[in-house]
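K.L.:
What follows is a single structure, and I will ask about it in a moment.
The values are calculated or read from the model by the stated rules, or taken from the named source; none is laboratory data. What you see is a predicted model; the values in this text were computed from it and never measured. Counting neighbours? That spans all protein chains shown, and the Cβs are built from the backbone with ideal geometry, glycine included. Just the protein is used for accessible areas: all its heavy atoms, side chains included, with ligands, DNA and RNA removed. Shrake-Rupley method; radii C 1.70, N 1.55, O 1.52, S 1.80 Å.
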Amino acid sequence: MASEVTPDLVDVHSLALEHDAELQAARHRRDAGTEALAQGRAGLLPSLSLSGEHSREREWSDQPTPPGSVTEQRREITVTRYQASLTQPLFRLDAWYDYQEGRAGSRVAELEFQQRMQGFNRELLQAYLEALRAQVRIRTLESRVAGYRSLQRE
């Protein structure tokens, strides 16, 4: 008798999801479309710029004094600056079109992924059912052969 290993359809589906290259490619295209939407949206948002600077300067000088002694002078200057700027153009037509393109591209990528996922599920189910049918055929043939052999012994 043939060894029967009938994996569950859910197990087969999860394994196939992990190892199907076309589905992985479709998933990556969908993710790229989602990223294009985020990039298009970023062109419409305000731009914030922050900067900071810190500097310290030290000076030492020796100044001779009239009676022949030396006076040492020390000077230290510390400067700290911070700057922030926020810019928001009133309207950028190119950024608006980029956003619209990203939005449409994201939707198309999502629909293509869903279409590929449906095709994947259909193909997997067909293959699974064919495997089950083949197992039934094998069992039927094996039982016929066993019946034929038992008839010959009699």
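K.L.:
Could you list all residues from the stretch 62-106 that are among the β-branched types (Val, Ile, Thr) and either modelled with pLDDT of 90 or more or outside any loop (DSSP other than H, G, I, E, B) (or both)?
P.N.:
Filtering the stretch 62-106 for residues among the β-branched types (Val, Ile, Thr) gives 65, 70-71, 77-80, 87.
Correct list: Val70, Thr71, Ile77, Thr78, Val79, Thr80, Thr87.
K.L.:
Kindly indicate whether Arg116 is out of contact with any Cys (no Cβ under 9 Å at 6 or more places or on another chain), within 29 Å of Leu23 (Cβ to Cβ), free of Cβ contacts under 8 Å to residues at least 60 places away in the same chain and not hydrophobic (A, V, I, L, M, F, W, C). Reasoning before the result, please.
P.N.:
Values: out of contact with any Cys (no Cβ under 9 Å at 6 or more places or on another chain): yes; within 29 Å of Leu23 (Cβ to Cβ): yes; free of Cβ contacts under 8 Å to residues at least 60 places away in the same chain: no; not hydrophobic (A, V, I, L, M, F, W, C): yes.
No, not satisfied.
K.L.:
Pairs needed: first member in the stretch 72-91, under 13 Å from Leu48 (Cβ atoms); second member anywhere, of a type outside the set (A, V, I, L, M) and assigned to a loop (DSSP other than H, G, I, E, B); C-beta distance under 9 Å; at least 6 residues apart or different chains.
P.N.:
Filtered contacts from the stretch 72-91: Leu86/Pro46; Thr87/Pro46; Gln88/Pro46.
K.L.:
Ok, one more. Are there any pairs, at least 6 apart or on different chains, whose C-beta atoms fall under 7 Å, with the first in the stretch 136-148 and at pLDDT 90 or above and the second assigned to a helix (DSSP H, G or I) and not hydroxyl-bearing (Ser, Thr, Tyr), and if so, which?
P.N.:
No pair meets every condition.
K.L.:
Moving to a separate point now. I'd like the full set of residues that are closer than 30 Å to Arg103 by Cβ and either at pLDDT below 85 or in a loop (DSSP other than H, G, I, E, B) (or both), limited to the stretch 43-61. I'd like the intermediate steps shown before the answer.
P.N.:
Quick first cut of the stretch 43-61, residues closer than 30 Å to Arg103 by Cβ only: 43-50.
The answer is Gly43, Leu44, Leu45, Pro46.
K.L.:
Here's something else I'd like to know. Starting from residues that are open to solvent by 60 Å² or more (accessible area, probe 1.4 Å) and not charged (D, E, K, R), keep the ones in the stretch 11-31 and report whichever is nearest to Tyr99 (Cα to Cα).
P.N.:
Among those that are open to solvent by 60 Å² or more (accessible area, probe 1.4 Å) and not charged (D, E, K, R), it is His28.
K.L.:
Right, next: Among the residues of the stretch 124-154, which ones are assigned to a helix (DSSP H, G or I), open to solvent by 100 Å² or more (accessible area, probe 1.4 Å) and over 28 Å from Val12 (Cα atoms)?
P.N.:
Arg144, Tyr148, Arg149, Leu151, Gln152, Arg153
K.L.:
Condition first: surrounded by 10 or more Cβ atoms within 10 Å (Cβ to Cβ) and of a type in the set (S, T, N, Q). Now tell me which residues in the stretch 76-92 satisfy that. Spell out the reasoning first.
P.N.:
The first filter runs over the stretch 76-92 and keeps only residues surrounded by 10 or more Cβ atoms within 10 Å (Cβ to Cβ), leaving 88-89, 92.
The answer is Gln88, and nothing else.
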